[in-house]
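Beneath this line is the structure, given in structure tokens, with notes to follow.
Every number here is computed from the coordinates shown, using simple stated rules; none is lab data. What you are looking at is a predicted structure, and each value in this text was computed from that prediction instead of being measured. With ideal geometry, Cβ positions are generated from the backbone for all residues, glycine too; neighbour counts draw on all protein chains shown.
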Amino acid sequence: MELIASLREKVKTIVSFGSCAAVGGIMRFFIRGGQEPKPWQATHLPLGQFIAPDLSVVGCPPSPQTISRLISSLSDAGKDIFNPYKKLTQKTRLSCFDLLDDVTNMQLCVGCRICEKVCPSLAIQIVDKLPEFIVERCIRCGVCYAHCPQLNKKWKKEDKGQPSLQTNLKRAE
Ligand code: SF4
Ligand code: SF4
């Protein structure tokens, strides 16, 4: 705990890497077969509950493409692909229900099937151009949420005029 608390002072950029570190993931909200989290599972808390990370990269595990994009973009000051990962730092839990609440129920879904394709546990099926969730399969990784283009569009609009991560990093130098 002391080590985690001291990180914020010692390093410039902190990344919660992987769904367990970013949003608790399956260890915190184990629901397969309708089970509730056991006490020892409930102790697996996301980093964001202790310190404010700069980025939260979800994935169980994060895909090689995600890692490669992140690393190559760190040196590309003109691009800001970090927006979803910055937004996810505000989340301390994610599951299929968040996609339901923030996209489907808000009538933002365009039936693009991206959530269905990226879900690692095949918990999403698009039926009549809308996602349907097999809740028992959801491992609460948040990947569908991070990849939904409609949410990404919404976040971009919200952030218009705000400084990018790269700008913040330059200011901190
Ligand atoms: S990724 Fe988003 S917009 Fe596309 S089908 Fe899934 S919920 Fe709908
Ligand atoms: S529906 Fe799939 S991608 Fe979305 S949180 Fe659950 S397991 Fe992850």
Taking neighbour Cβ counts within 10 Å as the exposure measure, how do Glu2, Glu116, Glu158 sort from fewest upward?
Glu2, Glu158, Glu116
Karplus-derived 3J(HN,Hα), 6.51/-1.76/1.60, for each residue of segment 119-128, Hz, glycine and proline x
5, x, 10, 6, 8, 10, 10, 8, 10, 6
Contact order relative to length for segment 54-113, counting C-alpha pairs under 8 Å separated by 6 or more residues, stands in percent at 41
Restricting to Cα pairs below 8 Å that are 6+ residues apart, what does the relative contact order work out to for segment 95-154? Please round to a whole percent.
42
